[in-house]
Amino acid sequence: MTATAFQFDDVTFAYRTQRALEGVSLTIRSGERVALLGANGSGKSTLLRMMDALCFPASGTATAFAAPLTEAAFQDDATNYAFRRRVGLVFQNPDVQLFNPTVSDELAFGPLQLGWEKPKVRDAVDTVSARFGIAHLKDRPPHRLSGGEKKRVALASVLITEPDVLLLDEPTAALDPASRANLVGFLAREPGAGRTVVTATHDLDIVEDIADRAIVLAEGRVVADGPVLAVLHDVDLLRRTHLVFEHRHSHGGPPAGSHGHMHSSRQEG
Amino acid sequence: MADQRYGICGCGRGRRGALDSLVLGLVNAEAYALDAEATATRPGFLQSVDPRIKVLALVALIVATTATRSLVVLAALFVAAVALALISRIGPGRLARQVWVGVLIFSGIIVLPAIFLVPGTPIVHLPVVGWAITLQGLRSAAFVVGRAETAATLALLIVLTTPWPHVLKALASLGVPAAAVAVLGMTYRYVFVLIEAARHMMEARRSRIVAPLDGRERRRMLMTAIGMLLAKTFALGSDVHAAMIARGYRGEVRLLHDFHTRPPDWVFLAIALAVPALILGLQP
Ligand SMILES: Nc1ncnc2c1ncn2[C@@H]1O[C@H](COP(=O)(O)OP(=O)(O)O)[C@@H](O)[C@H]1O
Ligand SMILES: [Mg+2]
């Protein structure tokens, strides 16, 4: 019997008038690797932000490690501190995540805010930059890095505090194929070791490598939840939720060679 | 979204489009900021001064610049500013490019009429129109330009010799409110993101448009672009705030780097503070 990391019961959320989550109920156990699938606007990012206590349910209840996720609870410094130590979120847009003048400062930001002693922070910066292959970038300003480098710095800046839960928002969006393969390889091996990982994506090709369970969202609702392979093989479901589309085209040769087959809809979002 | 009623100025017609100028300005700002990143980490005098002391001292000199009523003192302050730049390895070429020319054009436009309009002893008469340039007019123009050049040079020295987060931390430790410091910090950092956005918008526009636009179309486009940039800035600002909170930020920035004040820093501060004190004390 493993501990429960997140428990959501009938949660709704809206941005002013725009509904984003509708009656979401789900349980994520500690150590699970979960993929959140869904087309653009289906509510993946909103759900991740709620798991990171950056927004709170308008109705329904949500808990993290059996503690309530409410605005009132997070007014308390101790609650906030304990939560931030355990849960880390890598934002989709690295320009949002990387706001420090140098890569070193970026890596040190989280630990310093969490009150680590400076010598310990310096050691952690060295260790994590070696592990992520970004030691040579330490004095560079993050906004001048390539897309792949930015992603690695963003990931390192969150993993430096060794959170129990890693939340990833579309980690492969806007990456070139080599950086993407590099990152997926990293995600497949590295977070490991009992860490809970929740990845929002519509990049179906990476799901098998980075998750064991898949939750499909459509218009703010959970429409499927099960083992990754079962979900990926439910072509009907994937088509209904716009995760794949049918596309007629020709692979060269005369028009007779044209055929219909499935493509994953890996657009940016 | 931007209100289109503001697009009635008629500028941009027949000249370089306003959007292009906007982007060009932003691109220059980027090159400028990159320069600053490089010079701030170079070894030099001001680079070695505690940022808090440096901000105080240079602000004191700026106060002296605006307070003095003697052209000789103003000239001396200007020479001092250039000397500070030189021992901080910032060459006059960079100063000329980044401040002097711009400030001269800007303040020159403002003071040009004064040369003729201030009554006094004529020293030369312009041919044809016969306007007289007066000694008093020249003097007042020299003050305006000299003050602007000297103050801008001193202000630039803070930015060129201090990594930006250190400027922010120094301001915070000198009692500047946290909100003001946060806004400054955000502005500096996100100029880059906005430059990218503006550049993309320009490229997208260029690739879509074949025929030249008339002035009205152009203004509409500029307003839309500015509206999009504002919306984007706002969205970015709140996302960045969320990203900071996600990593444990609760309103106070902590840096790995500690400031250290050394004895020469105090000497520098004492001299810098004495200058405006002397000027204000000795002036009638
Ligand atoms: N800051 C916001 N303001 C208003 N509406 C938003 C905001 N962020 C997201 N939304 C809306 O909420 C819904 C869910 O969005 P989001 O969670 O970002 O989906 P996803 O990450 O799956 O693309 C969408 O309809 C989106 O337009
Ligand atoms: Mg999203």
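The values are calculated or read from the model by the stated rules, or taken from the named source; none is laboratory data. Worth saying up front: this structure is predicted, and the values here are computed from it rather than measured. In this analysis, Cβ positions are derived from the backbone assuming ideal geometry, glycine residues included, and neighbour counts consider all displayed protein chains. The area values use the complete protein model at the heavy-atom level, side chains included, leaving out ligands, DNA and RNA. Shrake-Rupley method; radii C 1.70, N 1.55, O 1.52, S 1.80 Å.
Quick notes on this one:
- Residues located in the stretch A:48-100, provided they are assigned to a helix (DSSP H, G or I), closer than 27 Å to A:L187 by Cα, facing chain B (nearest Cβ under 9 Å) and open to solvent by 40 Å² or more (accessible area, probe 1.4 Å): A:R49, A:Y81, A:R85
- Residue that is nearest to the other protein chains (Cβ to nearest Cβ) [pool: residues in the stretch A:24-39 that are among the aliphatic types (A, V, I, L, M) and within 11 Å of ligand 1 (Cβ to nearest atom)]: A:L36
- Of all residues in the stretch A:21-30 being open to solvent by 10 Å² or more (accessible area, probe 1.4 Å) and either closer than 13 Å to A:P57 by Cα or not in a strand (DSSP E or B) (or both), the one that is nearest to ligand 2 (Cβ to nearest atom): A:E22
- Within the stretch A:101-121, the residues that satisfy the criterion of being within 7 Å of chain B (Cβ to nearest Cβ) and more than 24 Å from the chain's Cα centre (by Cα) are A:P101, A:K118, A:V121.
- Qualifying positions in the stretch A:11-20 - touching a Gly at 6+ places or on another chain (Cβ under 7 Å) and either near ligand 1 (Cβ under 9 Å from one of its atoms) or open to solvent by 10 Å² or more (accessible area, probe 1.4 Å) (or both): A:T12, A:R19, A:A20
- From B:L184, B:L168, B:L138, B:L194, residue being assigned to a helix (DSSP H, G or I) and modelled with pLDDT of 75 or more: B:L138
- Verdict on A:T172 being open to solvent by less than 50 Å² (accessible area, probe 1.4 Å) and away from every other protein chain (no Cβ under 13 Å): yes
- Within the stretch A:103-215, helices (runs of 4 or more DSSP H) holding 3 or more residues that are touching a residue at least 60 places away in the same chain (Cβ under 8 Å) and more than 30 Å from A:R240 (Cα to Cα): A:147-159
- Put simply, of A:F6, A:F56 the only residue that is away from ligand 2 (no atom under 16 Å from the Cβ) and under 17 Å from B:A243 (Cα atoms) is A:F56.
- Filtering the stretch A:40-56 to residues that are in contact with a Leu (Cβ under 8 Å, 6 or more places away or on another chain) and within 14 Å of ligand 1 (Cβ to nearest atom) leaves A:S42, A:G43, A:K44, A:T46, A:L47, A:L48, A:R49, A:M50, A:M51, A:D52, A:L54.
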